[in-house]
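Accompanying notes for the structure given below.
The values are calculated or read from the model by the stated rules, or taken from the named source; none is laboratory data. Here the structure is a predicted model, which is why all the values come from computation and not from measurement. Backbone-built Cβ (ideal geometry, glycine too); neighbour counts: all protein chains shown. SASA here: full protein model, heavy atoms, side chains in, ligands and nucleic acids out. Shrake-Rupley method; radii C 1.70, N 1.55, O 1.52, S 1.80 Å.
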Amino acid sequence: MILPIITYPNKLLKTLSREVSDFDGELHRFLDDMYETMLHSNGIGLAAIQVANPIRALVICLPDEEGNQPRENLLEIINPLILDPQGNTMYQEGCLSVPGFYEDVERFCTLTLRYHDRYGNECHLEATDLLSIAIQHEIDHLDGKLFIEKLSYNRRKKFEKEYKKMLKEKK
Ligand code: Y12
Ligand code: CO
């Protein structure tokens with residue numbers, strides 16, 4: 001099922017999401033819906049709060065060389081914890097909850113992630129490059145933060161002006 005994605009400035013996006021404790025069929029169906037919703041919207045990452053569910057769950061599926069995002073590449077990440085972040089890198093980020101806007105954001109280069117899979121098993125992964133950036137972007141959503149909050153004062157002001165204009169034109 002494709003779920004509606006909430007967009008800025010919806011206040012729900014500021015929610016601090018809660019830990020998942022039940023790794024049951026309901027969670028599995030929700031994760032399936034998140035994957036379907038992300039693909040439908042041409043996304044590579046989606047956090048549960050973006051579809052109005054305040055739980056610490058996110059999905060990431062980076063495209064392969066052909067631009068496909070098969071289920072085998074899908075990462076379902078629950079209750080994530082970043083360990084040992086290293087270095088700094090810049091990347092032009094976009095977000096399905098801030099449509100039409102892309103900006104350079106600074107992130108850690110590499111990290112180790114501890115998380116649970118859909119069955120509640122504890123997993124670890126080492127992330128670099130785009131995966132590391134996507135993980136940090138999505139975990140920020142679980143903490144109620146958007147990438148636009150990392151912009152400088154002037155870039156944020158410019159964004160607010162352009163975004164307001166875009167919303168007005170959409171009406
Ligand atoms: C690097 C940086 C950020 C992330 C987080 C995941 N972000 C996305 O998946 C964003 C996708 C996105 C897709 C859009 O739709 C189309 O391009 C058709 C979009 O819409 C518009 O720009 C109108 C905005 C964002 C992961 C890795
Ligand atoms: Co986002």
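Here are the numbers for the structure shown:
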quantity	calculated
Residue within the stretch 96-112 that is touching a residue at least 24 places away in the same chain (Cβ under 8 Å), farther than 30 Å from LYS157 by Cβ, open to solvent by 30 Å² or more (accessible area, probe 1.4 Å) and under 18 Å from the mean Cα position of the chain (by Cα) present	yes
Set ARG71, ARG107, ARG114, ARG118: member being within 16 Å of ligand 2 (Cβ to nearest atom), modelled with pLDDT of 95 or more and basic (Lys, Arg)	ARG107
Output for the stretch 31-54, where each listed residue is within 16 Å of ligand 2 (Cβ to nearest atom), open to solvent by less than 50 Å² (accessible area, probe 1.4 Å) and not in a loop (DSSP other than H, G, I, E, B)	MET34, TYR35, THR37, MET38, GLY45, LEU46, ALA47, ALA48, ILE49, GLN50, VAL51
Restricting the stretch 19-30 to residues that are assigned to a helix (DSSP H, G or I) and under 16 Å from LEU75 (Cβ atoms), the residue that is farthest from ligand 2 (Cβ to nearest atom)	HIS28
Whichever residue in the stretch 61-75 is in a loop (DSSP other than H, G, I, E, B) and touching a strand residue (DSSP E or B) at 6+ places or on another chain (Cβ under 8 Å) and, among such residues, is surrounded by the fewest Cβ atoms within 10 Å (Cβ to Cβ)	LEU74
Those residues of the stretch 128-145 which are within 14 Å of LEU16 (Cα to Cα), more than 8 Å from ligand 1 (Cβ to nearest atom) and open to solvent by less than 30 Å² (accessible area, probe 1.4 Å), in sequence order	ILE139, ASP140, HIS141, LEU142, GLY144
Pair list, Cβ under 9 Å, 6 or more apart: the stretch 11-27 residue without any contact (Cβ under 8 Å) to a residue 40 or more places away in the chain and on the phi > 0 side of the Ramachandran plot, other residue basic (Lys, Arg) and assigned to a loop (DSSP other than H, G, I, E, B)	none
